[in-house]
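Here the structure is laid out as structure tokens; the discussion comes afterwards.
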Amino acid sequence: MTADSAAPTPNDRVRRRNITLAIAAGLVLIVVLVAGVLVGVQGLGGANAGGSDWGSGGSGSGSGGSSETARPQPSETAAAAPVITGPNPQSCDQVYSKRMFATLEKGGPLNDETIAEEPASTTPAVAALLADLPGLRCSWGQAGEFAIITEVKQVTAEQSAAALAALRAADFSCYAEAGGTRCVVQDDSEGGSSGQSHFLRENVWLATDWLNWPQAGYTADMVRTLWG
């Protein structure tokens with residue numbers, strides 16, 4: 001046997017075994033790395049397939065569903081409030097001329113608590129219409145023998161028509177005046193007198209009830225002050 005074909009020594013076997021183990025370990029590491037890369041790629045693909053909040057597959061749609069995203073449904077629109085134009089005083093000193101205001105102050109206090117609950121009409125059907133309307137209240141005097149109660153109400157055309165119908169049905173005398181319609185009634189007796197004056201024009205209803213205080217020019221002064 002020649003030197004080239006001599007039997008391997010124990011040291012040669014150990015070196016060869018170590019080399020083999022190193023190569024095997026390297027191969028295992030490469031396989032593990034490749035497998036990890038593949039799993040990561042598949043994971044990304046699965047996430048994309050499930051869709052996102054901004055993607056075309058969102059809103060729970062599958063691969064066979066529509067790609068169109070859900071659209072918000074329009075909400076029901078509340079009935080529009082009627083457009084009201086015309087005088088809209090915010091305080092009682094805007095309702096009367098300065099002269100009339102001073103005259104009324106001499107006759108009794110403004111908006112006294114003792115008549116705060118009294119309506120501007122003693123006619124039930126008319127008082128019911130006034131109760132639910134927005135507006136301004138101005139009263140003069142107090143509970144007792146003398147008082148004037150006025151409510152400046154905002155009305156639509158339909159509400160104005162209903163008010164006139166109720167006044168006529170209650171036997172008020174109604175006639176055209178100062179660009180609007182005025183309805184009046186008066187009751188004179190031995191114990192005194194009382195009456196009502198109602199003026200409707202545009203979106204305004206001037207409702208007045210008085211007891212033993214028939215102030216001359218009262219309604220006409222309010223009309224001139226509010227409309228000019």
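A short reminder: the numbers here are calculations on the coordinates, not readings from a lab. Computed from a predicted structure; not experimentally measured. Using ideal geometry, Cβ is built from the backbone for each residue, glycine included, and neighbour counts are taken over all protein chains shown.
Based on C-alpha coordinates, I'd like the Rg and Dmax of region 136-228, in Å.
Final numbers for Rg and Dmax: 13.2, 40 Å.
With a cut-off of at most 13 other beta carbons within 10 Å, and DSSP calling the residue loop, which GluC sites (Glu not before Pro) in region 86-156 qualify? Please list them.
Glu117, Glu145
Percent relative contact order of region 106-196, based on C-alpha pairs within less than 8 angstrom and at least six residues apart?
22
Count the net charge of all other residues whose Cβ sits under 10 Å from the Cβ of Ala120, scoring Lys and Arg as +1 and Asp and Glu as -1.
Neighbour charge sum, excluding Ala120 itself: -1.
Which GluC sites (Glu not before Pro) does region 174-228 hold that lie in a coil by DSSP with at most 14 other beta carbons within 10 Å?
Of the GluC sites (Glu not before Pro), the ones in loops of region 174-228 whose Cβ has at most 14 other Cβ atoms within 10 Å are Glu190.
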